[in-house]
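Structure first, then comments.
The values are calculated or read from the model by the stated rules, or taken from the named source; none is laboratory data. None of these values were measured; they are calculated from a predicted model. Glycine also receives a Cβ, built like all others from the backbone with ideal geometry; neighbour counts cover every protein chain displayed. Accessible surface areas use protein heavy atoms only, side chains included; no ligands, DNA or RNA. Shrake-Rupley method; radii C 1.70, N 1.55, O 1.52, S 1.80 Å.
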Amino acid sequence: MSGLRQKPIGVFDSGIGGLTVVRALTQSFPHENIVYFGDTARVPYGSKSPQVVREYAAQDIDFLLGNDVKMVVVACNTVSAVALDVVQKRAHMPVVGVIVPGAAAAVAATRKKRIGIIGTRATVNSKAYAHAVRQIASDVQVFSQACPLFVSLAEEGWNDHQATDLIAREYLFPLTLEKIDTLILGCTHYPVLRRAIAAATGAGVTLIDSGAATAADVGQVLDAHDLRNQSAQKPDLRFFVSDIPAKFTEVGERFLGQRMGLVRRAPVGGT
Ligand code: DGL
């Protein structure tokens, strides 16, 4: 059993954004080994059809399974929204997506029972967050907005930039009209733009980082399956991407909040 506990948690995303989830995981579980895969050759997933995202998700999870992981965290909101079942069917181990934890955290936070959801077009069109919120609390109203430009702004590192403030105001204005008091950041990239998003929504709106909410669920899964790594050693964090790693390493350290070390290329699905 101790061998199983020391195996890594597998985390995957369409690209770099899932490092915000890894950041939350390393803060909550400083001794867990992690293998991360970012499909940088095929990002973005959020503008693609559910069929294509499902194909990619199957290839991504197969890569992680080949790295002998003990559980899987689907960091990508888009995959969690349209292809979680594909991952669950292949994995034969605990799988945690970001939608249900994010929805639960938002329901716990809202006082006025009015929740905003922002994400990629694929995530918003899937209505997965809205469905998850209503499953938990049927009397909560949800209002959604796709914010596709946020992904590029985060990749560029434009957290403190007038253009980001302007675009955030444009995207979020309709949600402020709906008098939301809670906003789900339903995309891996959005926590990086938290300042601009908070400025656009105003102080009365609680921002929910689905990645951070997911870390709590991962803890429950580790305990329920007796999978916590008991070792006090410095963990092994391994990063793989499907395109050449140069840009990933440069931008990724900002998402991750720490140095990344060696990032390796791992072609999947013919990339
Ligand atoms: N990782 C994606 C998500 O969380 C955002 C980037 C993309 O569109 O692939 O939805």
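Comparing V124, V133, V43, which has the greatest mean-square fluctuation in the GNM of the chain with Cα pairs linked when under 10 Å apart? Evaluated over the chain, the most mobile residue of the options is V43.
Computed from the alpha carbon positions, the gyration tensor of the stretch 119-240 leads to an equivalent ellipsoid with semi-axes of 29, 21, 13 Å, biggest first.
For the pair A232 and F173, the difference between a 0.36 nm per residue extended length and the Cα-Cα distance amounts to 16.5 nm.
What pairs from K48/K247; K70/K247; K113/K179 go past 20 Å between their alpha carbons? Don't skip to the end; give the middle numbers.
Working: K48/K247 22 Å; K70/K247 29 Å; K113/K179 10 Å.
Exceeds cut-off: K48/K247; K70/K247.
What Kirkwood radius, in Å to one decimal, follows from the Cα pairs of the stretch 1-108?
Working: mean 1/r = 0.0714 Å⁻¹.
Hydrodynamic radius (Kirkwood, Cα only) of the stretch 1-108 equals 14.0 Å.
Tell me the trypsin sites (Lys or Arg not before Pro) within the stretch 83-125 that lie in a loop according to DSSP and have at most 10 other beta-carbon atoms within 10 Å. Here the trypsin sites (Lys or Arg not before Pro) that fit, given the DSSP loop and packing criteria, are R111. Measuring with a 1.4 angstrom probe and ignoring ligands and nucleic acids, K127 comes out at about 130 Å² accessible.
For the chain, what is the convex hull (Cα atoms) projected area averaged across all directions, in square nanometres? Can you show the working numbers first?
Working: hull surface 53.2 nm².
Average projection, Cα convex hull of the chain: 13.3 nm².
Go through L172, L4 and list them by solvent-accessible area, largest first, probe radius 1.4 Å.
Numbers: L172 0, L4 65 Å².
Per-residue accessible area, sorted high to low, gives L4, L172.
Solvent-free Debye calculation, one equal scatterer per alpha-carbon of the stretch 171-270: log10 I(q)/I(0) at 0.16 Å⁻¹ equals -0.96. Between the alpha-carbon centres of the stretch 78-102 and the stretch 131-184 there is a gap of 23 Å. Extending 7 Å from Cα along the Cβ direction at R265 and again at D85 yields two label points whose distance is 3.7 nm. Residue-wise HN-Hα couplings along the stretch 110-127, as the Karplus relation 6.51 cos²θ - 1.76 cosθ + 1.60 with θ = phi - 60° gives them from phi, are 6, 9, 8, 6, 9, 10, x, 10, 10, x, 6, 4, 4, 5, 5, 4, 5, 6 Hz; Gly and Pro carry x. Just the protein heavy atoms count here, and of the accessible area of the chain at 1.4 Å, carbon and sulfur take up 51 percent.
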